[in-house]
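Structure, as structure tokens:
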Amino acid sequence: MTKQIHLAAQLPAIHNVTVWSDPRSTSQIAVDNFVHLARTAERGKFDFFFLAEGLRVREHKGHFYDLDVVGRPDNLTMLSTVAAVTRHLGVAATVNATFNEPYEVARRLATLDHLSGGRAAWNVVTSFDAFTGENFRRGGFLAEADRYTRAAEFLATARELWDSWADDDVQADPASGRFVPSEAGRFAHRGEHFDISGRFTTPRSPQGHPVIIQAGESPAGRDFAASDAEVVFSKYNRLDEARAFYQDVKGRLARYGRSPDDLRIMPTATVVVADTDAEAAAYADEITRAQVSPQTAIAHLEAVWGRDLSAYDPDGPLPDIDPESESLVLKGHSVFRTGRAETARRWRALAEERGLSIRELVIEVHGGQTFVGSPRTVADAVDHFVQSGGADGFVFAAHLTPGGLDDFVDRVVPLLQEKGALRRDYTGTTLRHHLGLPPLPRTQRTSGNTKEAS
Amino acid sequence: MNDTPLHLAVALDGAGWHPAAWRSQETPGALFTAAYWADLVTEAERGLLDFVTFEDSLGVQSAAPHRPDDRTDQVRGSLDAVLIAAFVAPLTTHIGLIPTVNVTHTEPFHVAVGIATLDHAAKGRAGWRPQIAPRAADATHFGRRSTPQLTDDDIRDSELIAKRLRPLFAEATEVVEVTRRLWDSWEDDAEIRDTATGRFIDRDKLHHIDFAGEYFSVRGPSITPRPPQGQPVIASVAHASTPYEFAARGCDVVFVTPFDRAGAKAILAQVDEAVEGAGRDLVERPLRRFAEVVVFLDDEPGAAARRKERLDTLNGAEYTSDAAIFTGTPGELADLLLDWRTTGLDGFRLRPGAVPQDLTAITRRLVPELRQRGAFRTEYGPGTLRDRLGLPAPRNRYARGD
Ligand SMILES: Cc1cc2nc3c(=O)[nH]c(=O)nc-3n(C[C@H](O)[C@H](O)[C@H](O)COP(=O)(O)O)c2cc1C
């Protein structure tokens, strides 16, 4: 049977995906643009709409980084707005587990799940750095090694809060005068990171728990995904790498008593569609060159080398000096956190071997556009990627805001539907259903405790 | 006709402010659905009201202001107010949206970014109501600090409550200051999209706020571009001198709770005193003063009082409130509002005793009554919530001005 493809759309905001210099790219913060992209995704029968998060404006060499789009919303707030103008589309918010507390996050996610009628998801991320911490009460309090132990306990605690109300707790029976049992919402959690108790305010939501998404890369991150997540994002969108990641992560599931089908793996991807393959290739090239401007090429190099390289010619060879071991010139950017010396070595070797300039090298490692071609070519490639075990679907980040997925949805989606690889219409109301995940068992209250209904 | 229009707002809370109100609802328990809130807010907008507020708290409701109770016969459970406001934003076009946000247990940075986002989502109609956590039990939900436990004696007197909670108000003042700085941390024209130099922003038009207070510090800037209103509206409820000072320092609207006309006059004098003490220039930064009234409204004389009594019976006790309770006809309420107003009030935040009936009585009966007397608008003008409230365009504290 043809494997079903799961699609998500992302309004990419920051990072150099968005080609803001194209006049068709408009505001990254105007609500109408979020609504436009979400409605496009819903027209294409996507599973969900996704927003990433970064809690500090990036800085580069002591200044705010000014080459990429800057400025983004509070995810849960904007997604609540998006939920009001869509009917089926899931809404997935990235929310950090380091600079938040479980009670409030669990409450806001449960609220989004109520308001959307069961369409909420949470991408649990763990950015922990002291730079970001400067925006928060506790500052940068967490050691890197502890980021996943806190995230795992955070999520476990949130699940306890969501389970503190049974499905049948809101009785609201005027005849008996009973609104809720007095036990509804009671919880007590004592652990290494959280010692909390009391009563949770929000009744159990339509999905019970929102869908849990994870985007970890390290072994600890992959284990967290395998034990706790229902969707995993990755950056691996070349088929060979993607297959390796897919097999690795799916292979970890059995250790946690889960089956490979309990988890959807969705790499980030971009797509360029035109009438012919040749036109699409030319357009893709143009997009990539806009994404990696000469200034951006130098900035990315500086991020890896950890020092000022503004004297270098972007069309000339890579620097022969070695990276600084300490100084991080680019702050608030997760991609360049670790392994800079090794990255620099690799980049230099690649540039030498192929005779690439700085900008050509950055374009090469940036990877260009994932799916490029006529509608037929793109449909075949997307389908092949999934059917051959590279992914369960993709998160498409549009290079134009908000119209960047219009072509894909209007011209490629019908072909995927023809192949029987993508639904022609939604068949359920919850995000869990769209993803092909079983609903959580209903819970009932028995003598003070919530229990799965038999 | 008065020269300044009367401002009217409605305070939404669960099934209404009477604790037994849920029992008269058509679908009790629907208050956890989106449609419920969408219906209420669109109804309020049909009445051309200035704004709606949404109550909230980081603990389960209780009949006692200072500690939890175990009652099972009243509404218990709630949804996050900011998210409700964000949900109704695209379903409405004019009405202001003012959710309550806790400032004791939350991150000031997240609060500022959330309200800025709400203002973007509502295209310039957002505000928020900072609220401290008066119940010590809520602190165990976070496990990070403890807050003062009020006693049964304390809660008899709002001055005593405020005195005991003074540190929380001091912290709330810092939170308000941080949100205002974060909203200014992007200048309006920070985004330049200069293709020649490849720069998306003018990096000199974003600013660290470098707030270092007694309770926390925040570096900034905001991750969200300056909201459409520049400074979304901040409104607070105040019953005593400390909260009057809090409002005088940082808020745009203060909700006060007089029980009669003389009380309104006395409270406004106290507010004036607090404004003077804060050294606030009311021309540059006006403070709008609203009185709160819980309302039960029916056309037939006596019917509203009887309805309230029936709810009191169901509740097992007479419903009393921190604000005045009105039962009567729309005409009588119009008389009262216009009379109290002459003390210098700008408007009223009405708390419907039971929704939807007391809300629709406001929008469909009270509003036409006021309009007949030339005291209420006949259409929404253009503009933001700030514009409607007559609050001037806020200067950005970080802009050098060129
Ligand atoms: C597709 C994708 C999306 C991500 N989105 C975010 C995000 O929005 N916010 C964030 O702080 N980190 C984000 N990350 C970073 C991951 O959460 C994670 O920190 C990173 O992959 C490194 O993995 P590790 O933490 O296991 O070392 C994302 C990663 C990927 C691959």
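Scanning region A:243-290 for residues that are hydrophobic (A, V, I, L, M, F, W, C), away from the ligand (no atom under 16 Å from the Cβ) and within 21 Å of the chain's Cα centre (by Cα) yields A:LEU253, A:VAL272.
When A:ASN16 is tested against the conditions (1) within 16 Å of the ligand (Cβ to nearest atom); (2) open to solvent by less than 10 Å² (accessible area, probe 1.4 Å), the lone failure is (2). Residues in region A:103-135 that are touching a residue at least 40 places away in the same chain (Cβ under 8 Å), within 16 Å of the ligand (Cβ to nearest atom) and either farther than 22 Å from B:THR33 by Cβ or open to solvent by 10 Å² or more (accessible area, probe 1.4 Å) (or both): A:ASN123, A:VAL124, A:VAL125, A:THR126, A:SER127, A:ASP129, A:PHE131, A:THR132, A:GLU134, A:ASN135. Search region B:305-358 for residues being in a loop (DSSP other than H, G, I, E, B) and of a type in the set (A, V, I, L, M, F, W, C), and hand back the single one that is surrounded by the most Cβ atoms within 10 Å (Cβ to Cβ). If we take residues in region B:305-358 being in a loop (DSSP other than H, G, I, E, B) and of a type in the set (A, V, I, L, M, F, W, C), then B:VAL355 is surrounded by the most Cβ atoms within 10 Å (Cβ to Cβ). Taking the numbered list (1) more than 14 Å from chain B (Cβ to nearest Cβ); (2) more than 15 Å from the ligand (Cβ to nearest atom); (3) not basic (Lys, Arg) in turn, A:GLN295 passes all entries but (1).
Just one of the numbered conditions (1) open to solvent by 60 Å² or more (accessible area, probe 1.4 Å); (2) touching a Leu at 6+ places or on another chain (Cβ under 7 Å); (3) within 16 Å of the ligand (Cβ to nearest atom) is not true of A:GLU342: (2). Applying the criterion of being touching a His at 6+ places or on another chain (Cβ under 9 Å) and more than 8 Å from chain B (Cβ to nearest Cβ) to the residues of region A:66-90, the residue that is nearest to the ligand (Cβ to nearest atom) is A:GLY90. Residues that are β-branched (Val, Ile, Thr) and within 14 Å of chain A (Cβ to nearest Cβ) were ranked within region B:221-274; the one that is farthest from B:LEU389 (Cα to Cα) is B:ILE223.
Being within 27 Å of B:ARG76 (Cβ to Cβ), open to solvent by less than 20 Å² (accessible area, probe 1.4 Å), within 16 Å of the ligand (Cβ to nearest atom) and within 13 Å of chain B (Cβ to nearest Cβ) is true for just one of A:PHE154, A:PHE194. Which residue is that? Just a single option satisfies the conditions, and that option is A:PHE154. Can you find even one residue in region A:226-242 that is away from the ligand (no atom under 16 Å from the Cβ) and under 21 Å from the mean Cα position of the chain (by Cα)? Yes - at least one qualifying residue is present in region A:226-242. Can you say whether B:ALA323 is touching a residue at least 24 places away in the same chain (Cβ under 8 Å), away from chain A (no Cβ under 14 Å) and over 22 Å from B:PHE51 (Cβ atoms), as far as the supplied structure shows? Judged against the criteria, B:ALA323 is not a match. Can you name every residue in region A:195-242 that is within 22 Å of A:ALA166 (Cα to Cα) and assigned to a strand (DSSP E or B)? A:ILE196, A:SER197, A:GLY198, A:ARG199, A:SER205, A:GLY208, A:VAL211, A:ILE212, listed by residue number. Checking every residue in region A:40-51 against the condition of being within 30 Å of A:GLY139 (Cβ to Cβ), within 9 Å of another protein chain (Cβ to nearest Cβ), touching a Lys or Arg at 6+ places or on another chain (Cβ under 9 Å) and within 15 Å of the ligand (Cβ to nearest atom) gives zero matches.
When A:ASP261 is tested against (1) exposed (fewer than 14 other Cβ atoms within 10 Å of the Cβ); (2) not assigned by TED's automatic domain parsing to the domain that holds A:ASP383, exactly one condition is not met: (2).
In region B:64-86 there is no residue that is away from chain A (no Cβ under 14 Å) and either modelled with pLDDT of 95 or more or in contact with a Cys (Cβ under 8 Å, 6 or more places away or on another chain) (or both).
The values are calculated or read from the model by the stated rules, or taken from the named source; none is laboratory data. Note that the structure is a prediction, hence the values are computed from the model and not measured. Quick reminder, even Gly has a Cβ in these numbers, built from the backbone with ideal geometry, and neighbours come from all protein chains shown. Just the protein is used for accessible areas: all its heavy atoms, side chains included, with ligands, DNA and RNA removed. Shrake-Rupley method; radii C 1.70, N 1.55, O 1.52, S 1.80 Å.
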